[in-house]
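Okay, so here's the structure we're looking at.
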Amino acid sequence: MIDPEKRKVIYYLYSQGMPIRRIARELLVDRMTVRTVIRLQGDAPNAIRSDKIELSPELIGRLYRECDGYAQRVHEKLAEEYNVAIGYSTLTGIIRDLALRKRDDVRCGKVPDKPGAEMQHDTSDYKVKLGDGSVKLIGSLLYFRFSKVRYLKFYPFFNRYMMKCFFHEGLMFWKYSAPVCIIDNTNLARLRGTGKNAVIVPEMEQFARSYGFSFVCHEKGHANRKAGDERGFFTVTTNFFPGRAFRDLEDLNRQALDWAAVRCMNRPVGKSKLIPAKAFEFEKGYLTRLPEVVSPPYLEFQRGIDQYGYIPFDGNFYWTPGPGRHEVKVLRYPDHIKIYHRRELLIEYELPPVGVKNKKFYPPDRPAPRHEPKDRKNPTLEEEKILRSSSETLDAYLTFAFKERAGRQRHRLVRDLFRLRQRLSPELFEKAVSRAHAYRVTDPDAIYRIAVLQMKEAGYEVPVVPVDEDFVNRPSYLEGRFTDEVDLTRYCTPGEDENGSGSSCDA
């Protein structure tokens, strides 16, 4: 196809008297093509397809509504009822041109970077290696759009309360907030609607007001409205995780804070080589400064004190002062809990690291309580590991026994087997367990009886305990030779002579 501008050049040169051969040679165009362009006076030919099928928009629209928007069924009805042989791709093109389906995506408006105008928040899932294992975590990122300042933290789960805690920690760390925070259409903050029609949950609206900002949802499908956050998560994947090792979640968050608030703050960003630390100092004049003290978000729980003075909370047990067994109110803050009774603060505890369960906590300035909490769990994970690692026979038997005793006392079985293993020799215990597995026996007492029977049948001999014969040369043994003889007369049969005549004490 000849470019329209070249067509005009060909006709202009011909009108100026240049021969056709020379035009073709200079412009590298075939002579027949030059003649055709001259004949059309430089205009493009108006080619019309002779086999083009014309379809009424009213017909396509009516069939589209009758078929509930399924283009394949519209294509079948056109062929069967109207004898119209049209290609399926052509039909779908016509449907798009008529805008019968959902409206075309509109372009996002470009919002200029203004100091103090907005901040952005979003979350992303990650699979992170902590210690020797990998866990799924949720990364939460707060981003000031103008200065490119970030605050990053990871959570094992993320709900509305965690969202409040994150905003409190992030905004109090930077001491400033923007008037608007752009978020996606998450149900953690959105009650109903999407985009500009979104209605924010009253609880979250009141929370944001206390920090001087408001939540604004971007339009559905327009995640690039908070492109700073999206790019931030890409940078986390490509720059934060590679080459770093993390012991636990606390170590991960410490390194994330150092990366976001120290390293990224002093590193040039983008083509403009903007330094976030300097830009943030400039932007502070346009942001809302937060008070020095803002009450952190909290959740309220009701708990009862057991007979030993403990209350259960989040899988652990906390000792509560006082002699009574009454109901208490527990307020859970981001990093600690407070226990109240009748508006009086009884005690306060720091929350343990994530993953710590079934532990008891009490004040460090008092001795440990004598009793355990009422509902404290006694897991047998360590005993089970020892049994399974002893041999393949024990591993297979435990798998069988757990399946046979499903829903029954699993931990008691493990404890009984562990105690039995300590009483018997390894060879005898493994033989007894193997025979119990063959006869589908899961009672520890029956396994003990099997071991006794095997001892009787096989003439089992008690293993000889190795004795060091040099014990006679030890100083303690030599010293004991000169001690008085032991008086055994108290063990003589009553009524007999203490001198030993006829007595069971005779040598």
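The values are calculated or read from the model by the stated rules, or taken from the named source; none is laboratory data. Computed from a predicted model, the values in this text were never measured in an experiment. Cβ: placed from backbone, ideal geometry, glycine included. Neighbour counts: every protein chain shown. All accessible areas refer to the heavy atoms of the entire protein, side chains included, with ligands and DNA or RNA removed. Shrake-Rupley method; radii C 1.70, N 1.55, O 1.52, S 1.80 Å.
Does SER434 satisfy being closer than 16 Å to LEU387 by Cβ and modelled with pLDDT of 90 or more?
Yes.
Of the residues in segment 183-194, how many are open to solvent by 10 Å² or more (accessible area, probe 1.4 Å) and not in a loop (DSSP other than H, G, I, E, B)?
Residues flagged as open to solvent by 10 Å² or more (accessible area, probe 1.4 Å) and not in a loop (DSSP other than H, G, I, E, B) within segment 183-194 amount to 3.
Say whether the condition of being under 28 Å from the mean Cα position of the chain (by Cα), over 17 Å from LEU257 (Cβ atoms) and touching a residue at least 24 places away in the same chain (Cβ under 8 Å) is met by at least one residue in segment 103-115.
The answer is no; no qualifying residue exists.
Please verify whether segment 263-275 includes one or more residues that are closer than 26 Å to CYS165 by Cα, open to solvent by 70 Å² or more (accessible area, probe 1.4 Å), in a helix (DSSP H, G or I) and not aromatic (Phe, Trp, Tyr).
Yes, because at least one residue in segment 263-275 is closer than 26 Å to CYS165 by Cα, open to solvent by 70 Å² or more (accessible area, probe 1.4 Å), in a helix (DSSP H, G or I) and not aromatic (Phe, Trp, Tyr).
I need the full set of residues from segment 195-222 which are in contact (Cβ under 8 Å) with a residue 60 or more places away in the chain and in a helix (DSSP H, G or I), in order please.
Passing the criteria: PHE207, SER210.
Identify, from the list ASP68, ASP105, ASP97, the residue that is at pLDDT below 85 and acidic (Asp, Glu).
Exactly one of ASP68, ASP105, ASP97 is at pLDDT below 85 and acidic (Asp, Glu), namely ASP105.
Out of segment 461-498, which residues are assigned to a loop (DSSP other than H, G, I, E, B), modelled with pLDDT of 75 or more and surrounded by 10 or more Cβ atoms within 10 Å (Cβ to Cβ)?
Hit for segment 461-498 is ARG474, nothing else.
What number of residues within segment 293-338 satisfy the criterion of being surrounded by 15 or more Cβ atoms within 10 Å (Cβ to Cβ), under 25 Å from MET163 (Cβ atoms) and β-branched (Val, Ile, Thr)?
2
Return the total of residues in segment 136-180 being over 17 Å from PRO115 (Cβ atoms), assigned to a strand (DSSP E or B), open to solvent by 30 Å² or more (accessible area, probe 1.4 Å) and touching a Ser or Thr at 6+ places or on another chain (Cβ under 7 Å).
Residues that pass the stated criteria total 2.
When LYS278 is evaluated against the numbered criteria (1) outside any loop (DSSP other than H, G, I, E, B); (2) touching a residue at least 24 places away in the same chain (Cβ under 8 Å), which criterion, by number, is the only one it fails?
Condition (2) is where LYS278 drops out.
List pairs: first residue in segment 144-173 and closer than 18 Å to ALA279 by Cβ, second residue open to solvent by 20 Å² or more (accessible area, probe 1.4 Å) and assigned to a loop (DSSP other than H, G, I, E, B) anywhere in the structure, Cβ distance under 7 angstrom, at least six positions apart or on different chains.
Final answer for the pair search is ARG145/ASP113; ARG145/ALA117; PHE146/ASP113; PHE146/LYS114; PHE146/PRO115; PHE146/ALA117.
Suppose we keep only residues that are of a type in the set (D, E, K, R) and free of Cβ contacts under 8 Å to residues at least 24 places away in the same chain within segment 223-250. Which one would you say is farthest from GLY131 (Cα to Cα)?
This residue is ARG231.
Among the residues of segment 223-259, write down those that are closer than 21 Å to ALA117 by Cβ and either more than 20 Å from the chain's Cα centre (by Cα) or open to solvent by 20 Å² or more (accessible area, probe 1.4 Å) (or both). Before the answer, list the steps.
In the first step, residues of segment 223-259 are kept if they are closer than 21 Å to ALA117 by Cβ; the result is 223-232.
Of everything in segment 223-259, those that are closer than 21 Å to ALA117 by Cβ and either more than 20 Å from the chain's Cα centre (by Cα) or open to solvent by 20 Å² or more (accessible area, probe 1.4 Å) (or both) turn out to be ALA223, ASN224, ARG225, LYS226, ALA227, GLY228, GLU230, ARG231.
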